[in-house]
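Have a look at the structure below before the remarks.
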Amino acid sequence: MRVGELSRRAGVSVPTIKYYVREGLLPAGQLTSPNQASYDETHVRRLRLIRALLDVGGLSVAGVREVIEAIEDTERPVHKVLGAAADRVVPRHDQEPVEGVAAARTAVAELIERRGWRSHPESPAAESLAVALATMEDVGHGAFAEVLDAYADAAEQVARADLDYVARNVAREELVESVVVGTVLGDALFASLRRLAHVDASDRVFGTDV
């Protein structure tokens with residue numbers, strides 16, 4: 001297909017496609033003449049992945065390039081490729097840490113060890129959890145840490161459901177897209193389910209006149 005059809009198929013403008021090629025995010029098409037190139041389904045898939053990483057994952061162009069490089073490194077295990085994508089869409093906390101974050105990091109490391117999770121205590125996700133715990137302590141809800149394992153139980157169940165979904169896709173690019181979309185939109189989906197469950201649990205525990 002020519003670039004115009006690729007643009008229509010992927011929903012990406014021609015100038016943007018050319019920009020992605022220049023930035024090394026999208027392979028160049030096969031030249032059919034000095035001024036024309038041919039593209040195929042792999043270009044459509046790659047463009048959709050790039051848009052998912054940018055629009056859904058909120059990555060920078062540099063971040064997308066890192067994920068693309070992980071995908072194209074055929075020696076890198078799928079687990080590492082998925083990790084590269086997942087770490088990029090976890091919120092990062094570059095500002096001055098809140099008071100008590102060191103103790104929270106220790107609590108997170110202990111949680112990871114206690115659960116036997118094959119996760120690194122210095123990963124972006126672990127740091128995000130530590131900052132959240134420290135912030136809760138700072139606003140007077142440090143006791144929340146007492147129910148952390150109950151949340152971890154639920155997180156393990158959700159993670160299994162996530163990976164069951166991701167495993168349906170076999171292409172490396174489709175796996176990464178599933179992780180990005182599943183992580184970002186899945187968080188929103190789970191938050192909504194949690195709120196619905198809150199309403200039910202609140203009614204059962206405290207009752208309501210409504």
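One table, with the values for the structure above:
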read-out	value
Spacing of the two label points (7 Å from each Cα toward its C-beta) at Glu122 and Val78, in nm	2.9
Overall dimensions of the chain by Cα: Rg and Dmax, Å	21.3, 75
Within region 40-144, GluC sites (Glu not before Pro) in DSSP loop having at most 15 other beta-carbon neighbours inside 10 Å	Glu75, Glu99, Glu122
Distance between modelled label sites at Asp138 and Val61, nm, 7 Å Cα→Cβ extension	3.4
Distance in nm between pseudo-label sites at Tyr19 and Ala152 (7 Å out along the Cβ direction from Cα)	4.4
Local electrostatic count, Ala155, Cβ distance below 13 Å [Lys/Arg +1, Asp/Glu -1]	-2
Within a Gaussian network of the chain (alpha carbon springs, distance under 10 Å), most fluctuating of Val176, Val147, Val101	Val147
Rounded, prolate or oblate (a/c below 1.5 giving rounded, otherwise prolate when a/b exceeds b/c) for region 1-96 by Cα gyration tensor	prolate
Euclidean distance of C-alpha centroids, region 140-204 and region 39-55, integer Å	26
Within region 94-178, trypsin sites (Lys or Arg not before Pro) in DSSP loop having at most 16 other beta-carbon neighbours inside 10 Å	Arg118, Arg168
Between helix 61-72 and the chain: long-axis angle, C-alpha atoms, 0 to 90°, nearest 10	80
Computed E for Leu163/Thr106 - FRET, C-beta separation, R0 30 angstrom, nearest 0.05	0.60
Backbone HN-Hα couplings from phi across region 196-205 [Karplus 6.51/-1.76/1.60, Hz, Gly and Pro as x]	4, 5, 4, 4, 5, 5, 4, 5, 6, 7
Sorted by Cβ density within 10 Å, fewest first, the residues Leu31, Leu59	Leu31, Leu59
Fewest-first ranking of His198, His120, using other Cβ atoms within 10 Å as the exposure measure	His198, His120
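Taken together, the values in this text are just the output of simple stated rules run on the coordinates, not laboratory data. Nothing here was measured: the structure is a model prediction, and the numbers come from that model. Heads up, the Cβs are rebuilt from the backbone with ideal geometry, glycines too, and the neighbour counts pull from every protein chain shown.
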